[in-house]
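Asks: Next up is a structure, given as structure tokens.
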Amino acid sequence: MTQARLFNYVTFAALMIATALGYQSLWGLLFLYWTIPNFYSGHAFFLSDVIRDDDPILFWLIQIAWVVLGLMLVVLDFFPVGG
């Protein structure tokens, strides 16, 4: 097994454990991580491939949504609402 595959399995297990324990910040970090290559490539995957040059409004809406969702999940773990 390559290091990349092992890292994917470990990350998946960590995400599942964190979710079971009620921590969503790892998902938030993953959402933020997913946006980085999209900025450089100009491609985002929604229900299909969204290309920045072909559909810039949808591309940027998706990017903004992922960044906001990622930040919300991280922040809410450290500053819970109503808790």
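Asks: Taking only DSSP H segments of four or more residues, each worth -39500 (n - 2.57), what value at 222 nm results for the chain once the sum is divided by all its residues, to the nearest 500 deg cm²/dmol?
Replies: Working: 3 runs with 58 residues, N = 83.
The helix contribution divided over the chain gives -24000 deg cm²/dmol.
Asks: FRET efficiency for D55 and Q3, Cβ-Cβ distance as r, R0 = 41 Å, nearest 0.05? Intermediate results must be reported in sequence, preceding the final value.
Replies: Numbers: r = 36 Å, r/R0 = 0.87.
Step by step, r from the Cβ atoms, then E = 0.70.
Asks: Which option, (i) -0.89, -1.53; (ii) -0.85, -1.31; (iii) -0.95, -1.13, is the value of log10 I(q)/I(0) by the Debye sum over Cα atoms at q = 0.20, 0.26 Å⁻¹ that was calculated from these coordinates?
Replies: Identified label for the calculated read-out: (iii).
Asks: Which order, highest average first, do 50-60, 6-16 follow once you tally other Cβ atoms within 10 Å for each residue and take the mean per peptide?
Replies: Values: 50-60: 14.1, 6-16: 11.3.
Sorting 50-60, 6-16 by mean packing, highest first, produces 50-60, 6-16.
Asks: Between T35 and M16, what length in nm is gained on full extension when 0.36 nm per residue of separation is reduced by their alpha carbon distance? Mind showing how you got there, number by number?
Replies: Working: separation 19, 0.36 × 19 = 6.84 nm, distance 2.11 nm.
Extra length from T35 to M16 when fully extended: 4.7 nm.
Asks: Using a 1.4 Å probe on the protein heavy atoms, what percent of the accessible area of the chain belongs to carbon and sulfur? Before the final figure, lay out each step's value.
Replies: On the way: 4650 of 6300 Å².
Heavy-atom surface of the chain belonging to carbon and sulfur, 1.4 Å probe: 74 percent.
Asks: Right, something else. Going by amide H atoms built from the backbone, whose H comes under 5 Å of the H on V50, apart from near neighbours?
Replies: A44, F45
Asks: Just the number please: accessible area per residue for the chain, 1.4 Å probe, all protein chains included, in Å².
Replies: Working: 6300 Å² over 83 residues.
Dividing the accessible area of the chain by its residue count gives 76 Å².
The values are calculated or read from the model by the stated rules, or taken from the named source; none is laboratory data. This one's a predicted model, so the numbers in the text were calculated from it and none came from an experiment. Cβ atoms come from the backbone with ideal geometry, glycine included; neighbour counts cover every protein chain shown. What goes into the accessible areas is simple: the full protein's heavy atoms, side chains included, and nothing from ligands, DNA or RNA. Shrake-Rupley method; radii C 1.70, N 1.55, O 1.52, S 1.80 Å.
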